[in-house]
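In what follows, a single structure is set out as structure tokens and then discussed.
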Amino acid sequence: MSRTNGLLMSATIVCAGLMLAAAFGALVLAPNAVGLTPDETFAQRIIYFHVPSAWLSMLAFGITTIASIAYLVTARRFWDSVAVSSAEIGIVFTLAATASGSLWAKPAWNTWWTWDPRLTTYTIMFLLYVAYFMLRSALEDPARRARFAAVYGIFAFLSVPITFMSIRWWRTIHPILIDSKDFGLSRGMLPVFFLSLIAFTALYVILLIYRVRLERTREQVDALRERFGY
Amino acid sequence: MSFWHVVGAIVWKDIRAELRTKDIFSSMFVFALLSVIVFNFAFELRVPAMKMVVPGIVWVAISFAGTLGLNRALVIEQDKGSLAGLLLAPVDRSAIYFGKLLGNLLFMFAVEIVILPLVMVFYNLSLLSADHLLVLLLGTYGFAAVGTVFAAIAVNTRAREVMLPILLFPVLLPVLIAGVKMTGALLDGEALSTLGNWLQIMAVYDIGFTVVAYLTFGYVMEE
């Protein structure tokens, strides 16, 4: 146990270093975007935070789905712990990506929010996983909770791409906003961008490990409590 | 008994119980009617022509009434202990799923048959064409296919009546969007053939989630 703890601690420190390097790169090293107003140029740097957060939320919910399927197949509690831990991290980074995107949208689109397909789908995805946690909290028996949550997790994840498609066809009246999102990154920006992606992915892995351990500990405490009648 | 015999027996049981109590149909119908009337007052003063909001009214009324019906169907089943009986029966769990799905679908169609003419009278337009009905059929099927699984989940939770819409509506959104879009376009006089994309999305939704429901329903019903 102490050896795995040591490994995890070193990994955590490495991850913290990566995050600091990514923050430094995003704020200092990355070149300014050209051809934008001063406000937009400044806000553009949010991409090093925004895109990795959005990527992490998708990754996290994807892992939740895989863990849910694994739970239904194997019925091992471990997979349920992974699913709920990953979904929780996913929700946090969904909020992070939404908030940072909103900060960027104000100077770039002149509004905090618009019903663009990506934004709308993202909101629906957020609501899906809020429902996922409400469902979990409404069930007491751990085995049943794990089973129901796994089934819902699979439905939720599969509905995200269909929702995206339907909203994209529906809201074709705002092509300018959608196109303005597709700016390419200049050569100087790419290293920092990928550094951020790597750092955030590492952060996800570390958070997931800690969160799964916490969940396992909680289960053990619950089991002990039941055994001794507290 | 073969698979479809079992499905038929479950549907027949639901129909007979419903014919005796009229519990599900009456609550669904009254609620759908109330929604249509409430929406009338919610929109009337702000919208240039009610025709513009009728697709939304129809689909939201169907969704609300459908949610109510799905809940009732499973709550009655559980409170009377017949759900336990169904689970004890030596039949495939997916047969129970398709039986409940068809039962829910029939009840929803029954409500739609009554509510559509009323909408047509209230808003002075026609929804009686093969295209309109096909769209309604596909949308209602998608609703029931997903809703039957979620109702079976919700009935086992605390606060079961509240849980179903929270679980159902975000997953249901593609069907609602496609349904509103197609009904609206048909009302504007477009042909269904120009709406291929939307039909496709509904068909993909219906087929995809029927398969997922078929694969997962056994886990929901496991005791």
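The values are calculated or read from the model by the stated rules, or taken from the named source; none is laboratory data. Since the model is a prediction, treat every value here as computed from it, not as a measurement. Please note: Cβ atoms are built from the backbone with ideal geometry, for glycine as well, and neighbour counts cover all protein chains shown. For the accessible areas, the whole protein counts, side chains as well, though only heavy atoms, and no ligand, DNA or RNA atoms are used. Shrake-Rupley method; radii C 1.70, N 1.55, O 1.52, S 1.80 Å.
The contact residues of region A:109-136, meaning those that lose at least 20 Å² of 1.4 Å-probe accessible area when all protein chains sit together rather than their chain alone, are A:I124, A:L128, A:A131, A:M134, A:L135. Counting only alpha carbon atoms, the long axis of helix B:196-220 and the longest principal axis of chain B meet at about 20°.
If r is the Cβ-Cβ distance from A:S10 to A:R213 and R0 is 22 Å, what FRET efficiency results, to the nearest 0.05? Mind showing how you got there, number by number?
Details: r = 16 Å, r/R0 = 0.72.
Approximately 0.85, to the nearest 0.05.
Using the heavy atoms of the protein chains and a 1.4 angstrom probe, tell me the accessible area per residue for chain A in square angstrom. Working shown, then result.
Working: 12050 Å² over 230 residues.
It amounts to 52 Å² per residue over chain A.
Positive end of the dipole of the protein assembly as shown (Cβ unit charges, origin at the Cα centre): among A:L203, A:V192, B:G208, the Cα lying farthest that way belongs to A:L203. Once Lys and Arg get +1 and Asp and Glu get -1 on their Cβ, which of A:N5, A:A149, A:S53 lies farthest toward the positive end of the dipole of region A:2-228? Going by the Cα projections, it comes out as A:N5. Residues of region A:30-64 falling in the label zone of A:L190, defined by backbone nitrogen less than 15 Å from a point 7 Å along Cα to beta-carbon, are A:31.
Of the heavy-atom accessible surface of the protein assembly as shown (probe 1.4 angstrom), what whole percent is carbon and sulfur?
On the way: 15350 of 21910 Å².
The computed percentage sits at 70.
Cα centroid separation, region A:52-77 to region B:151-223: 22 Å.
Label separation (B:S126 vs B:V204): 3.4 nm, computed from points 7 Å beyond Cα along the C-beta direction. Using a 1.4 Å probe over protein heavy atoms, the accessible area lost on pairing A with B, summed over both chains, comes to approximately 2800 Å². Axis angle, to the nearest 10 degrees, between helix B:23-43 and the longest C-alpha principal axis of chain B: 30 degrees.
A:R77 sits with roughly 90 Å² accessible to a 1.4 Å probe, with DNA, RNA and ligands left out of the calculation. Which of A:A99, A:A83, A:A60 moves most in a GNM of chain A, Cα contacts under 10 Å? With Cα springs under 10 Å in chain A, the top fluctuation among A:A99, A:A83, A:A60 is at A:A99.
Let me have the relative contact order for chain B, percent, based on Cα pairs under 8 Å that are six or more residues apart. Write out the running numbers ahead of the final one.
Working: 210 pairs, mean separation 58.4, N = 223.
It comes to 26 percent, rounded to a whole number.
For A:H50, the accessible surface of its heavy atoms amounts to roughly 40 Å² (probe 1.4 Å, protein chains only, rounded to the nearest 10). The long axis of helix B:160-187 is offset from the longest Cα principal axis of chain B by roughly 40 degrees. Straight-line cross-link partners of B:K181 among the lysines, defined as a Cα under 19 Å from its Cα and at least 8 positions apart when in the same chain: B:K51.
Which lysines, on any chain, are close to B:K80 with Cα under 19 Å apart, when same-chain ones fewer than 8 places away are left out? Result set, ordered by chain and number: B:K13, B:K22, B:K100. Per residue, region B:3-222 exposes 43 Å² of solvent-accessible protein surface, assessed with a 1.4 angstrom probe and all protein chains in place. Straight-line reach only, C-alpha to C-alpha below 23 angstrom: list the lysines that A:K106 could link to, leaving out same-chain residues fewer than 8 apart. Once the sequence-local lysines are set aside, what remains near A:K106 is A:K181.
Comparing the full protein assembly with the isolated chain (1.4 Å probe, heavy atoms, ligands and nucleic acids excluded), the residues of region B:163-201 losing at least 20 square angstrom of accessible area are B:M163, B:I166, B:L167, B:P170, B:V171, B:L173, B:P174, B:I177, B:K181, B:N197, B:W198, B:I201. Per-residue SASA remark: B:I37, around 60 Å² accessible (1.4 Å probe; ligands, DNA and RNA not included).
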